[in-house]
Amino acid sequence: MRPPPGPWWLLLWLPPLATRPAGARRGEEAAALSVARCKALKEMDLIKASASDCYCYNQNSQMDWKYIWSTVQVKVTSSALLSIIYITERHNCQYPETMLSFFKCVIHKFWSPKESNEITIIINPYGETVCFSVKPISNYTIHVNQNIIDFKLFLIFVAGIFLFFYAKTLSQSSAFYYSSGTVLGILMTLVFVLLLVKRFIPKYSTFWALMIGCWFTSVYVVCQLMEDLKWLWYENRMCILGYVLTVGFLSFAVCYKHGPLVDERSRSLLKWTLQLFSLFLIYSGVSVPQFAYTVILLILLSRSLHYPMKAFSHMRWKMKKWFTSEKLAVTYLTEDEYREQTEAATTSALEELRQACRRPDFPSWLAISRLQTPKK
């Protein structure tokens, strides 16, 4: 069947096709039955069980703005090893209809937690329904807790806003160029190497296909290493330090050889990339999607609102100048001006004193008695 016309990104949100394989429909019906049999999880639940069972956390229908940065933490603990398997049949992974469904299936397939005594699942309370199955060996406990403010989400949100407004400054900074190139070479070596050999790849389609593959591979490797980072650090500390120093030095040397970005086109491309990444951070840093859309829209409109806000500030300054009195200008006197004004003020004061002493009601004897030297 031919794909519908239009941009390729519309395929991510296209509705289901009318004609689907019978196996896909049977798989969805079986998935719906399996999900319906799962136990629903709620906040502050404490479940103790021993047999394998499936659980689902349904998204909240009522949205509360005070839970913008909240997350639900599901902790599964046991005295023996246990594993968790996400129920991905509801995404129709056998017959994915859109690219978005395909990526969700891949993420749930490869990013499933490993066997452990304690497994923690972070769930967005306003996201999709999350269903998982517990495969235990002995008794296990499930504790559901809601964090009102997840500081990781809040920091990601603030970092996204900061990165958006300072993207232009960072794109022109040599220190940011060298540091980001070094970090990219350490964490995502495949992406860094692919950027170096870009000019040897004839077709852009081949390059972007390799870039997507290298990017997902690097992210997957980094995520897997982060889970075992503590164990790797204690067991292979010298190997990790050697890798970081060697790859970091080579990455810095390559960046130093090419030099910082001087072309305006390259700087603009880097600025747009940073801003696009900042919007992704803003979206990922909140639990309420509507709030993320509102913030992104306001940020994008802030550039166009710059000139109206500047005109409004100018008008406010003008109106404030009309309705307030002008401040007196303060000038400093020179030494000659100070001497002249001193002599004039002294002469005027002495003349006023003489006029006051000549008045008939002036108590002359009382004034003289208070002087230290009356004769003078």
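The values are calculated or read from the model by the stated rules, or taken from the named source; none is laboratory data. All figures in this text were calculated on a predicted structure; none of them were measured in a lab. With ideal geometry, Cβ positions are generated from the backbone for all residues, glycine too; neighbour counts draw on all protein chains shown. Side chains included, ligands, DNA and RNA excluded: accessible areas come from the protein's heavy atoms. Shrake-Rupley method; radii C 1.70, N 1.55, O 1.52, S 1.80 Å.
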Exercise. If r is the Cβ-Cβ distance from Ser179 to Ser138 and R0 is 51 Å, what FRET efficiency results, to the nearest 0.05?
Worked result: 0.60
Seminar exercise, completed: Which of Lys39/Lys75; Lys198/Lys257; Lys168/Lys198; Lys48/Lys75; Lys75/Lys135; Lys42/Lys114 exceed 21 Å between C-alpha atoms? The answer is Lys168/Lys198; Lys42/Lys114
For this session: Please list 239-250, 169-180 highest first by mean number of surrounding beta-carbon atoms within 10 Å per residue.
Result: 169-180, 239-250
Exercise. Taking the mean number of other Cβ atoms within 10 Å as a proxy for protection, how do you rank 257-270, 353-366, 283-296 from highest to lowest?
Worked result: 283-296, 257-270, 353-366
Exercise. Once you sort the root eigenvalues of the Cα gyration tensor of the range 153-305 as a ≥ b ≥ c, which label holds: rounded (a/c under 1.5), prolate (a/b larger than b/c) or oblate (the other case)?
Worked result: oblate
For this session: Can you find, among Phe157, Phe277, Val244, the residue farthest towards the positive end of the dipole of the range 153-305? Put +1 on the C-beta of Lys and Arg, -1 on that of Asp and Glu.
Result: Phe277
Seminar exercise, completed: Computed from the beta carbon distance with a Förster radius of 30 Å, FRET efficiency for Phe165 and Phe216 to the nearest 0.05 stands at 0.55
Exercise. By how many nm would the segment from Ser52 to Leu298 lengthen if fully extended, with 0.36 nm per residue of separation less the alpha-carbon distance?
Worked result: 83.8 nm
Problem set entry | Integer Hz, Karplus 6.51/-1.76/1.60 couplings in order for the range 173-186, x for Gly and Pro | 8, 6, 5, 5, 4, 5, 5, 5, x, 5, 5, 4, x, 6
Problem set entry | Heavy atoms of Val219 accessible to a 1.4 Å probe, total area in Å² rounded to 10 | 40
Problem set entry | Candidate residues Met44, Met211, Met319: accessible-area rank, largest first, probe 1.4 Å | Met44, Met319, Met211
